[in-house]
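Structure first, commentary second.
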Amino acid sequence: MKPQVVCIDDIERYALDNLNKSVADYYRSGANDEQTLAENRRAFARLRIRPRFLRDVSQRSLRTTVLGQPIAAPVCASPSAMQKMAHPMGELATAKACETMDTIMILSTISTSSIEEVAAEASVAMKWFQLYIYRDREVTRQLVERAERSGFGALVLTVDTPMFGHRLADSRNGFCLPPHLRMANFVAGAQASDAIQNRPTDGQSGLSEYAQSLFDPSIEWKDLRWLRSITRLPIVVKGVLTREDALLALKYGCSAILVSNHGARQLDGVPATIEALPEVVKAVQNRCEVYLDGGVRTGTDVLKALALGARAVFIGRPILWGLAYDGQSGVEKVFSILKQELDMAMALSGLSTVTDIANQSTTSSSSPLVVSENYYRSQL
Ligand SMILES: Cc1cc2nc3c(=O)[nH]c(=O)nc-3n(C[C@H](O)[C@H](O)[C@H](O)COP(=O)(O)O)c2cc1C
């Protein structure tokens, strides 16, 4: 009998209590001292919502679009690696759940279900493919071609990972993929598949060694031209945290930017994503859509991100907690909770649609929907 869960933190607690320790540590941890990991949550808590009342909120809708694709609510699934460690159906359960919930799933390059298996599981344009660029460009090109052939709607290029950040628990645990699972996007025998099964050097994470030997740390912005030249798919750049990189992403032809710090798993000490969002939104000036992930756990977090200019948010770990809780149903539960919470947050702050959130934020600087806690302190 599953315990009753009423918020994402309940689902997280269940997952952490029930997953194997090495897997729970891998999913949960951030880099080094985990300062940014904590800040991803704390920075949301430092924001205040200024609610407005008597504005007829009897009819509400959470529907919106991302890259022209209609979705039920502005909450989608970030890519996270190796989901079959959380549940035997892994990425296939996530794909099904996203289809049922009418939202976008981003499939990781280093998934335990293949591009083709996921494509067979859920309708096409609702899936985007996250790309790591391998030193062997032919490996990368084949991934892109397969995603395109399988009907994925966009490529999501992760730019914050020339190598993996240092997650201490993974090094202590000598984390590597359990032997019954595979990097499903690569044929057995290929280095990109089998290197993850190698026993890591003492005091190292196997995944970290995998990335170090295979990912290309020499990539530059101009390589986006190469990526553009081999695909017709829109490119979402994931991992931007500064106005400078936002402008470069635009210059090199991205279709959208996902403000992300990789769930605080790369460089400890970078800002919380909700802190970095306004700078990116301001630089982009509506020339492309901007999304956010990192620390989104409640409906009010979603409202705050949208108020600060995100078109939609993505969630990483909550998907894994949902899988560990109850597979496809668990992931659906995660999305349902966030939808209900967002719906209530909108009603209680006088907003009927997702567009109302964006409009109130952009048109009324004298009457902002979301402010820093300092706004109130400075008036004391
Ligand atoms: C266990 C785990 C695996 C991840 N794997 C990937 C990945 O393969 N590719 C990628 O671009 N991001 C990856 N991420 C980062 C997520 O896409 C996302 O940016 C992050 O989890 C969002 O923060 P949140 O977990 O607080 O929602 C991973 C995150 C976690 C926690």
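Computed from the coordinates by the stated procedures, all read-outs in this text should not be read as laboratory data. This one's a predicted model, so the numbers in the text were calculated from it and none came from an experiment. Backbone-built Cβ (ideal geometry, glycine too); neighbour counts: all protein chains shown.
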Quiz item: Taking only pairs six or more apart or across chains, which ones have beta-carbon atoms under 6 Å, a first residue in region 4-27 that is more than 16 Å from Phe335 (Cβ to Cβ) and free of Cβ contacts under 8 Å to residues at least 40 places away in the same chain, and a second residue that is more than 13 Å from the ligand (Cβ to nearest atom) and basic (Lys, Arg)?
Solution: none
Practice problem: Please work out which residue is farthest from Glu34 (Cα to Cα), limiting yourself to region 173-203 and to residues that are in contact (Cβ under 8 Å) with a residue 24 or more places away in the chain and in a helix (DSSP H, G or I). | Solution: Ala192
Quiz item: Looking at region 139-150, is at least one residue assigned to a loop (DSSP other than H, G, I, E, B), away from the ligand (no atom under 16 Å from the Cβ) and either more than 24 Å from Pro318 (Cβ to Cβ) or among the hydroxyl-bearing types (Ser, Thr, Tyr) (or both)?
Solution: yes
Practice problem: Looking for whichever is among the charged types (D, E, K, R) and under 23 Å from Trp128 (Cα atoms) here; the options are Glu220, Glu244, Glu275. Which one fits? | Solution: Glu220
Exercise. Restricting attention to region 184-222, report how many residues are surrounded by fewer than 16 Cβ atoms within 10 Å (Cβ to Cβ) and over 16 Å from Thr112 (Cα atoms).
Key: 13
Practice problem: Give Thr109, Thr103 a once-over and let me know the one that is polar (S, T, N, Q), away from the ligand (no atom under 14 Å from the Cβ) and assigned to a loop (DSSP other than H, G, I, E, B). | Solution: Thr103
Quiz item: Any idea which of Glu34, Glu91 is more than 29 Å from Arg146 (Cα to Cα) and within 14 Å of the ligand (Cβ to nearest atom)?
Solution: Glu34
Quiz item: Hey, among the residues in region 302-333 that are within 14 Å of the chain's Cα centre (by Cα) and within 14 Å of Pro74 (Cβ to Cβ), which one's farthest from the ligand (Cβ to nearest atom)?
Solution: Arg311
Quiz item: Is region 227-241 home to any residue that is of a type in the set (Gly, Ala, Ser), within 30 Å of Gly68 (Cα to Cα) and surrounded by 19 or more Cβ atoms within 10 Å (Cβ to Cβ)?
Solution: yes
Quiz item: Which is in contact (Cβ under 8 Å) with a residue 24 or more places away in the chain, under 15 Å from Asp9 (Cα atoms) and out of contact with any strand residue (DSSP E or B) (no Cβ under 8 Å at 6 or more places or on another chain), of Ala324, Ala358?
Solution: Ala324
Quiz prompt | region 76-88 - residue that is hydrophobic (A, V, I, L, M, F, W, C), on the phi < 0 side of the Ramachandran plot and out of contact with any strand residue (DSSP E or B) (no Cβ under 6 Å at 6 or more places or on another chain) and, of those, nearest to the ligand (Cβ to nearest atom) | solution = Ala81
Self-check item: Residues within region 204-232 that are in contact (Cβ under 8 Å) with a residue 40 or more places away in the chain and in contact with a Phe, Trp or Tyr (Cβ under 7 Å, 6 or more places away or on another chain), tallied
Solution: 8
Practice problem: Report, ordered by the first and then the second residue, all pairs with beta carbons closer than 9 Å, sequence separation of six or more or different chains, a first member in region 291-303 that is more than 17 Å from Ser260 (Cα to Cα), and a second member that is surrounded by fewer than 24 Cβ atoms within 10 Å (Cβ to Cβ) and of a type in the set (Lys, Arg). | Solution: Gly299/Lys339
Quiz item: Does Val118 satisfy the condition of being crowded, with 21+ Cβ neighbours inside 10 Å and not acidic (Asp, Glu)?
Solution: yes
Quiz item: Name the strands (runs of 3 or more DSSP E) wholly within region 1-93 that hold at least 2 residues that are buried (at least 18 other Cβ atoms within 10 Å of the Cβ)?
Solution: 64-66, 75-77
Exercise. Looking only at region 98-141, count how many residues are within 16 Å of the chain's Cα centre (by Cα) and farther than 27 Å from Phe164 by Cβ.
Key: 2
Quiz item: Does Val290 satisfy the criteria of being within 25 Å of Ser372 (Cβ to Cβ) and of a type outside the set (Asp, Glu)?
Solution: yes
